[in-house]
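Step one of this worksheet: look at the structure below.
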Ligand SMILES: [Zn+2]
Ligand SMILES: [Zn+2]
């Protein structure tokens, strides 16, 4: 933080006087001139560094707010507007989304925000970038639900609906951060069993991570077995489906 500059004589005709830099004219925000105010409040109006919008590689639906929907300009603008952080009263925001000519799937985003703070009208410009990230929507994932590389078999000494629900949440939560990088970190089917439940997971790696998380959480035991499910035509490597058996008390 810079220390305030020595006071500058104060024009008797002006009620404005920035206590930091001594400015007596221009736009003020609260007690300070705009530039001093923004130095102290750099995030008064700001976007995250980058916005990421998921789009299904198959049907081109987008997931701006947790739900897969068809692309709709108005919806995308609304979503972008919600990512803007500000502390203005009576804000009015105008958002522009322009394709980046140099990068496919990338957009420039700029927002013109006007509003009030401490009774003063102020206007700001905020900018960021938006990128489209390829993913697979739930529907298209279900279509391919005969394909899964991992099964997590969770077995309890006694099965209760609460335990089932808790384990489903834990498996989902364990894979959620992986899903950003890998849409295959997804359960395509839950199968209830007499002593627990099975989760069919598209990615073997994600299945393992979730199985380990559930085992740790409940201080259970885990064992792994494999079964050949075919030959990958691209790599001509054999593919195994792994089963992670997790026994929890
Ligand atoms: Zn100032
Ligand atoms: Zn889709």
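Computed quantities for the displayed model
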| read-out | value |
| --- | --- |
| Subset of the stretch 18-74 (residues that are within 16 Å of ligand 1 (Cβ to nearest atom), without any contact (Cβ under 8 Å) to a residue 12 or more places away in the chain and part of a strand (DSSP E or B)) | none |
| Residues of the stretch 225-249 classified as modelled with pLDDT of 85 or more and closer than 14 Å to residue 150 by Cβ, total | 8 |
| Residues of the stretch 15-64 that turn out to be assigned by TED's automatic domain parsing to the domain that holds residue 99, farther than 21 Å from residue 77 by Cα and touching a helix residue (DSSP H, G or I) at 6+ places or on another chain (Cβ under 7 Å), as a count | 1 |
| Residue ID - modelled with the lowest pLDDT, chosen from residues in the stretch 125-146 that are crowded, with 18+ Cβ neighbours inside 10 Å and within 15 Å of ligand 2 (Cβ to nearest atom) | 141 |
| Which listed residue, of 109, 122, is surrounded by 15 or more Cβ atoms within 10 Å (Cβ to Cβ), in a strand (DSSP E or B) and within 16 Å of ligand 1 (Cβ to nearest atom) | 122 |
| Checklist (1) surrounded by 14 or more Cβ atoms within 10 Å (Cβ to Cβ); (2) more than 16 Å from ligand 2 (Cβ to nearest atom); (3) over 30 Å from residue 38 (Cα atoms) applied to residue 103, failing item | (1) |
| Members of the stretch 172-183 found to be surrounded by 20 or more Cβ atoms within 10 Å (Cβ to Cβ) and modelled with pLDDT of 90 or more, listed by number | 174, 175 |
| Residue within the stretch 54-75 that is away from ligand 2 (no atom under 16 Å from the Cβ), in contact with a strand residue (DSSP E or B) (Cβ under 7 Å, 6 or more places away or on another chain), modelled with pLDDT of 85 or more and closer than 30 Å to residue 180 by Cα present | yes |
| Evaluation of residue 198 against (1) free of Cβ contacts under 8 Å to residues at least 40 places away in the same chain; (2) farther than 18 Å from residue 140 by Cβ; (3) outside any helix (DSSP H, G or I) (one fails), failing number | (1) |
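Every residue, every condition in (1) away from ligand 1 (no atom under 16 Å from the Cβ); (2) in a strand (DSSP E or B); (3) farther than 22 Å from residue 210 by Cβ, yes or no:
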| residue | (1), (2), (3) |
| --- | --- |
| 90 | yes, yes, yes |
| 126 | yes, yes, yes |
| 132 | yes, yes, yes |
| 173 | yes, no, no |
| 192 | yes, yes, no |
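Rundown of residues vs (1) closer than 29 Å to residue 55 by Cβ; (2) modelled with pLDDT of 90 or more; (3) assigned by TED's automatic domain parsing to the domain that holds residue 69, yes/no style:
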position	(1), (2), (3)
148	yes, no, no
170	yes, yes, no
185	yes, no, no
205	yes, yes, no
219	no, yes, no
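The values are calculated or read from the model by the stated rules, or taken from the named source; none is laboratory data. Here the structure is a predicted model, which is why all the values come from computation and not from measurement. With ideal geometry, Cβ positions are generated from the backbone for all residues, glycine too; neighbour counts draw on all protein chains shown.
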